[in-house]
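What follows is a short report on a single structure.
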Amino acid sequence: MSRSIILLGGPDSGKTNYIGRLWRALDDGTGALHAAEQPEDIKFVLEVTDHLFQGGFAPRSEHSDARRDFEVVVAATKDGPQSRVIVPDISGELWRKAVIDSEIDPDWMSELQRADAALLFVRVGSDQDVRPLDWVTSRKMLEKLGGEEDQGLPTQVMLCELIRFLEDSLADREGGGLPRLSVVVTAWDLVDAGKFEQGPVAYLEREYPLVAGRLADLENLDVQIFGLSVVGGDLKHDADYREAFLEAGLDGQGWVAVRDGDGWRKDPDVTLPIAWAVGL
């Protein structure tokens with residue numbers, strides 16, 4: 001079993017809460033993937049699911065001093081092929097610094113090179129989102145930023161550089177196929193019905209044109225784009241939904257937006273971005 005997948009994204013991109021929800025789905029075995037064996041240490045994800053069960057979200061990993069890596073072996077069928085899902089405890093802030101310095105810790109660069117798939121997260125409506133003045137400004141800022149002046153790194157520039165990291169590092173799949181990248185647009189429940197129907201691809205084209213253009217031009221990665229709602233609705237601002245969520249519990253909540261013909265639909269299987277990326 002040599003295949004693995006790595007998750008990455010900027011600050012407040014939704015990685016941690018997705019892992020908590022993903023683990024419940026893998027453990028239940030109700031989706032396309034199930035946990036083929038119990039992880040050695042699931043304290044981290046259990047802490048995240050506890051927050052979700054209580055109707056809240058886990059604190060951003062930027063605020064945690066403890067390193068909490070997570071690894072789980074997944075499979076689609078009982079005796080079928082397995083894949084090692086690697087969740088490195090690299091906060092979005094550290095990914096941002098890696099982009100600015102054009103350098104990743106050697107241990108995690110080795111992990112990237114062992115992987116043949118990845119999930120890249122971007123969140124709707126994040127207060128950590130940094131917007132550039134224009135495309136040219138974005139590129140110039142990336143070239144000039146450094147030291148204490150790097151707070152203004154535009155989010156879409158950082159995402160493009162993370163994609164470049166993946167292009168340069170991910171291994172080809174067994175049989176010679178291209179490495180796979182699932183782009184996951186989180187908090188997708190916050191968009192209105194019209195934007196949902198247009199889909200997360202159109203959202204990226206509108207909100208992050210630099211990223212959308214980069215994804216469209218990729219020749220070394222096979223890309224699929226998903227929308228994601230970890231809990232299925234807005235727990236912070238929708239009191240009725242929060243009450244219904246607390247009464248029903250976490251299991252069965254959440255969905256993934258997947259392409260359906262010319263439109264998009266909600267699928268309750270939150271393992272789908274992982275399942276497509278690893279090809280199981």
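The values are calculated or read from the model by the stated rules, or taken from the named source; none is laboratory data. All of these numbers come straight from a predicted model, not from anything done at the bench. Here the Cβ is made from the backbone with ideal geometry for all residues, glycine too, and neighbour counts use every protein chain on show.
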Checklist outcome for this item: Note on the range 216-245: residues under 16 Å from VAL185 (Cβ atoms) and of a type in the set (A, V, I, L, M) are ALA216, VAL223, ILE225, LEU228, VAL230, VAL231
Next on the checklist: Regarding the range 194-212, can at least one residue be identified that is at pLDDT 90 or above, of a type in the set (Asp, Glu) and under 20 Å from the mean Cα position of the chain (by Cα)?
Outcome noted: yes
Checklist entry - Just a yes or no: is a residue in the range 5-17 among the β-branched types (Val, Ile, Thr) and at pLDDT below 75? => result no
Checklist entry - Taking the range 195-232 on its own, how many of its residues are among the small types (Gly, Ala, Ser) and surrounded by 19 or more Cβ atoms within 10 Å (Cβ to Cβ)? => result 5
Checklist entry - How many of the residues in the range 254-268 are of a type in the set (D, E, K, R) and within 15 Å of the chain's Cα centre (by Cα)? => result 0
Item to check | One residue from LEU190, LEU235 being surrounded by 15 or more Cβ atoms within 10 Å (Cβ to Cβ), more than 24 Å from ALA35 (Cβ to Cβ), in contact with a Lys or Arg (Cβ under 6 Å, 6 or more places away or on another chain) and at pLDDT below 95 | outcome: LEU235
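Scan the range 152-161 for residues that are under 20 Å from ASP127 (Cα atoms), of a type outside the set (Ser, Thr, Tyr) and touching a residue at least 24 places away in the same chain (Cβ under 8 Å) and jot them down.
Of everything in the range 152-161, those that are under 20 Å from ASP127 (Cα atoms), of a type outside the set (Ser, Thr, Tyr) and touching a residue at least 24 places away in the same chain (Cβ under 8 Å) turn out to be LEU153, PRO154, GLN156, VAL157, MET158, LEU159, CYS160.
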Next on the checklist: Against the definition (modelled with pLDDT under 70 and on the phi > 0 side of the Ramachandran plot), how does GLY55 come out, yes or no?
Outcome noted: yes
Item to check | Selected residue (criterion: farthest from LEU22 (Cα to Cα)) from residues of the range 244-273 that are out of contact with any helix residue (DSSP H, G or I) (no Cβ under 7 Å at 6 or more places or on another chain) and among the aliphatic types (A, V, I, L, M) | outcome: ALA244
Checklist entry - What do you reckon, is LEU280 among the hydrophobic types (A, V, I, L, M, F, W, C), under 19 Å from the mean Cα position of the chain (by Cα), surrounded by 15 or more Cβ atoms within 10 Å (Cβ to Cβ) and closer than 27 Å to GLY29 by Cα? => result yes
Item to check | Given (1) at pLDDT 90 or above; (2) closer than 21 Å to THR16 by Cβ, number of the condition ASP127 does not satisfy | outcome: (1)
Checklist entry - Wholly within the range 171-280, which strands (runs of 3 or more DSSP E) include no fewer than the required count, namely at least 1 residues that are touching a strand residue (DSSP E or B) at 6+ places or on another chain (Cβ under 6 Å) and of a type in the set (D, E, K, R)? => result 180-186, 222-229, 263-267
Next on the checklist: Against the condition closer than 22 Å to GLN128 by Cα and touching a Gly at 6+ places or on another chain (Cβ under 8 Å), how does ALA187 come out, does it pass?
Outcome noted: yes
Checklist outcome for this item: By residue number, the members of the range 26-52 that are surrounded by 18 or more Cβ atoms within 10 Å (Cβ to Cβ) and at pLDDT below 80 are PHE44, VAL45, VAL48, THR49, LEU52
Checklist outcome for this item: Picked from the range 90-128 (must be closer than 27 Å to ALA257 by Cβ and out of contact with any helix residue (DSSP H, G or I) (no Cβ under 7 Å at 6 or more places or on another chain)), the residue surrounded by the fewest Cβ atoms within 10 Å (Cβ to Cβ) is ASP127
